[in-house]
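Undergrad: Here it is: the structure, laid out below.
The values are calculated or read from the model by the stated rules, or taken from the named source; none is laboratory data. All of these numbers come straight from a predicted model, not from anything done at the bench. Cβ atoms come from the backbone with ideal geometry, glycine included; neighbour counts cover every protein chain shown.
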Amino acid sequence: MNLDEYMSHDATGLAALVAAGEVTPAELLELARRRMRQVNPTLNAVVIDTGENADIQVHGRPTGPFAGVPFLIKDLSQEYRGYPTTCGSRALTGLRETENALVTDRFLEAGLVIMGKTNTPELGAKGITESDLWGPCRNPWDPTRTPGGSSGGSAAAVAAGIVPAAGANDGGGSIRIPAATTGLVGLKPSRGLAPYGPQTGEPMFGMAVQGTVTRTVRDSAGLLDAIVGPNPLADYQVAQPEQKFTELISRRPRQLRIGYSAQSAIRGEPTAVAADAMESTAGLLTDLGHQVDEIAPPYDDKALAETFLTIWFAQLAAQVDEIKERTGAGDGDFEADTLAMVEIGRANGAVKALRALEKITTYTQAMAEYYRSYDYFMTPTLAEAPILVGALDTARPLQVGARLAHRLHGGKALLKTGLVDQMIEENLGWVPYTQLANLTGRPAISVPVYWTPEGLPLGVQFNGPLGSDGALLQLAAQLEEAAPWIQRFPAQKA
């Protein structure tokens with residue numbers, strides 16, 4: 001097998017070749033490493049090499065549905081024994097894991113060969129992947145642009161052909177945003193379906209979930225089958241799927257009623273590409289026999305963003321305090337932007353955070369009412385084309401001010417500057433559609449059915465009701481069949 005042949009297959013296809021004896025896991029691993037050597041110096045997608053363990057795996061003849069397929073895990077909440085989980089932070093570089101995350105174990109049990117860990121922003125706190133520790137990750141469709149975040153390294157690696165799929169997780173869009181920016185499939189599963197732990201309980205009060213980014217829907221279905229299952233350490237158990245997701249996608253969905261909107265209270269009027277993405281996808285869905293209606297959004301995304309960030313800042317403040325206690329790290333081990341968010345979380349106080357948590361019910365009930373009339377809610381995944389690397393950099397004087405505010409516990413002063421509104425407009429303004437699924441715990445999927453006139457991926461997102469993971473994958477499979485995308489490669493293929 002040559003490199004072009006390797007890159008033309010998804011994970012399911014490569015696993016079939018291994019099972020048939022047409023290629024060995026060692027040969028696939030060497031091809032993946034060759035591709036990584038070609039593109040990673042530019043993309044900075046893979047930041048930790050787990051080469052020794054990968055060699056042990058392939059020589060141990062892995063078994064499972066994805067036996068022998070090269071794979072990457074995210075350097076955040078996907079712990080791997082013997083290696084650090086830096087979460088993109090200098091504060092965590094000195095620690096090595098003593099046990100695997102449960103999701104990592106399930107990747108290994110599926111036969112995936114873990115060859116490295118991927119770039120992520122500090123503590124996953126941004127929708128871009130640009131940490132002080134690892135440096136910026138770049139988009140293979142255009143290296144001047146971001147692959148999004150926080151699973152940006154995983155998405156860039158898959159889109160560039162290093163591996164056919166990679167581990168990811170999603171607390172506010174961190175699977176779907178990178179999938180959209182790089183032309184991949186990204187499913188954010190229902191709350192509680194994919195396992196966390198044993199290192200932590202559910203992050204973000206259950207808003208953050210484990211998953212993958214892939215090039216095909218069948219890979220997304222197969223990998224979800226691999227990681228879903230009872231978790232004896234969980235605080236509760238969700239209903240387990242009655243049928244494998246890989247079996248579900250073999251059937252096409254019934255006629256669906258889908259509402260859509262590109263409107264955003266954060267953005268104002270939709271951008272031309274966001275509106276075009278909706279119109280073109282609505283036309284495709286209509287051709288497939290579905291009823292598609294343009295509607296007013298069933299929730300206020302600006303109010304939702306305020307709720308989301310209030311919770312985000314509170315959990316980040318607690319997380320940084322915990323890391324300091326565990327490692328002895330100081331303020332200098334964290335980025336200025338992280339410290340600013342921490343100080344805002346402290347200034348908001350417990351009451352505001354608890355009230356924000358209570359507001360989640362408002363959005364859950366609004367969407368439950370919406371799903372009485374519609375099967376899914378469709379939006380663009382991104383409000384605009386992937387933004388430039390460095391576009392959200394904080395100016396040096398503001399970084400100095402943020403560190404000073406943190407040292408003086410000046411969070412209330414930061415709040416008076418309008419910094420939160422600025423964060424909503426700048427950091428969420430290009431991705432205002434993804435936080436809904438995290439707050440409500442419902443599944444959502446981004447599929448690459450739209451590219452901008454300049455040839456950049458944008459992504460179209462479908463939000464579904466409680467427990468509709470399999471049904472979303474069915475719809476995605478139908479779209480993939482109608483408008484195939486697997487052979488669309490970025491310019492960096494050669």
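Per-residue answers, yes or no, for (1) more than 30 Å from residue 280 (Cα to Cα); (2) in a loop (DSSP other than H, G, I, E, B); (3) touching a Cys at 6+ places or on another chain (Cβ under 9 Å):
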residue	(1), (2), (3)
347	yes, no, no
351	yes, no, no
354	yes, no, no
357	yes, no, no
363	no, no, no
367	no, no, no
378	no, no, no
393	yes, yes, no
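Undergrad: Considering every residue within segment 446-455, establish whether at least one is on the phi > 0 side of the Ramachandran plot, modelled with pLDDT of 95 or more, buried (at least 21 other Cβ atoms within 10 Å of the Cβ) and among the small types (Gly, Ala, Ser).
TA: Among the residues of segment 446-455, not one is on the phi > 0 side of the Ramachandran plot, modelled with pLDDT of 95 or more, buried (at least 21 other Cβ atoms within 10 Å of the Cβ) and among the small types (Gly, Ala, Ser), which makes the answer no.
Undergrad: Working only within segment 35-69, note down all residues that are on the phi > 0 side of the Ramachandran plot, in contact with a Pro (Cβ under 8 Å, 6 or more places away or on another chain) and either surrounded by 20 or more Cβ atoms within 10 Å (Cβ to Cβ) or touching a residue at least 60 places away in the same chain (Cβ under 8 Å) (or both).
TA: Correct list: 44, 68.
Undergrad: I'd like the full set of residues that are modelled with pLDDT of 95 or more and in contact with a Lys or Arg (Cβ under 8 Å, 6 or more places away or on another chain), limited to segment 225-263.
TA: 225, 226, 227, 246, 249
Undergrad: Restricting attention to segment 273-286, which residues are within 26 Å of residue 306 (Cα to Cα) and out of contact with any Phe, Trp or Tyr (no Cβ under 7 Å at 6 or more places or on another chain)?
TA: Scanning segment 273-286 gives 273, 274, 275.
Undergrad: Can you name the condition, by its number, that residue 491 falls short on among (1) touching a Phe, Trp or Tyr at 6+ places or on another chain (Cβ under 9 Å); (2) at pLDDT 90 or above; (3) closer than 30 Å to residue 8 by Cα?
TA: All conditions pass for residue 491, except number (2).
Residue-wise test of (1) more than 19 Å from residue 131 (Cα to Cα); (2) out of contact with any strand residue (DSSP E or B) (no Cβ under 8 Å at 6 or more places or on another chain); (3) surrounded by fewer than 19 Cβ atoms within 10 Å (Cβ to Cβ); (4) not hydrophobic (A, V, I, L, M, F, W, C).
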{"residue": "375", "(1), (2), (3), (4)": "yes, no, no, yes"}
{"residue": "378", "(1), (2), (3), (4)": "yes, no, no, no"}
{"residue": "381", "(1), (2), (3), (4)": "yes, no, no, yes"}
{"residue": "390", "(1), (2), (3), (4)": "no, no, yes, yes"}
{"residue": "400", "(1), (2), (3), (4)": "no, yes, yes, no"}
{"residue": "404", "(1), (2), (3), (4)": "yes, yes, yes, no"}
{"residue": "412", "(1), (2), (3), (4)": "yes, yes, yes, yes"}
{"residue": "417", "(1), (2), (3), (4)": "yes, yes, yes, yes"}
{"residue": "423", "(1), (2), (3), (4)": "no, yes, no, no"}
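Undergrad: Can you tell me which residue among 364, 327 is surrounded by fewer than 18 Cβ atoms within 10 Å (Cβ to Cβ), over 28 Å from residue 260 (Cβ atoms) and touching a residue at least 12 places away in the same chain (Cβ under 8 Å)?
TA: The unique qualifying residue is 327.
Undergrad: Return the pairs, sorted by first residue and then second, in which the second residue is surrounded by fewer than 16 Cβ atoms within 10 Å (Cβ to Cβ) and part of a helix (DSSP H, G or I), the first residue lies in segment 278-300 and is touching a residue at least 24 places away in the same chain (Cβ under 8 Å), the beta carbons are less than 8 Å apart, and the residues are 6+ apart or on different chains.
TA: 284/482; 287/482; 288/482; 292/286; 298/369
Undergrad: Anything in segment 106-154 that is more than 19 Å from residue 459 (Cβ to Cβ) and among the basic types (Lys, Arg)? List them, or say none.
TA: Listed by number, the residues that qualify are 106, 117.
Undergrad: In segment 70-84, how many are without any contact (Cβ under 8 Å) to a residue 60 or more places away in the chain and within 20 Å of the chain's Cα centre (by Cα)?
TA: Summing the residues that are without any contact (Cβ under 8 Å) to a residue 60 or more places away in the chain and within 20 Å of the chain's Cα centre (by Cα) in segment 70-84 gives 1.
Undergrad: Now for a separate question. Among the residues of segment 210-237 satisfying the criterion of being among the aliphatic types (A, V, I, L, M) and without any contact (Cβ under 8 Å) to a residue 60 or more places away in the chain, which is nearest to residue 151 (Cα to Cα)?
TA: The residue in question is 228.
Undergrad: Here is a further query. For segment 138-157, check the following and say yes or no: at least one residue is at pLDDT 95 or above, surrounded by fewer than 24 Cβ atoms within 10 Å (Cβ to Cβ), under 14 Å from residue 180 (Cα atoms) and not basic (Lys, Arg).
TA: yes
Undergrad: Hey, could you check segment 282-299 for residues that are part of a loop (DSSP other than H, G, I, E, B) and small (Gly, Ala, Ser) and say which is nearest to residue 268 (Cα to Cα)?
TA: For segment 282-299, the residue satisfying everything is 296.
Undergrad: I'd like to know if segment 200-211 contains one or more residues that are of a type in the set (Ser, Thr, Tyr) and either farther than 29 Å from residue 111 by Cα or modelled with pLDDT of 95 or more (or both).
TA: no
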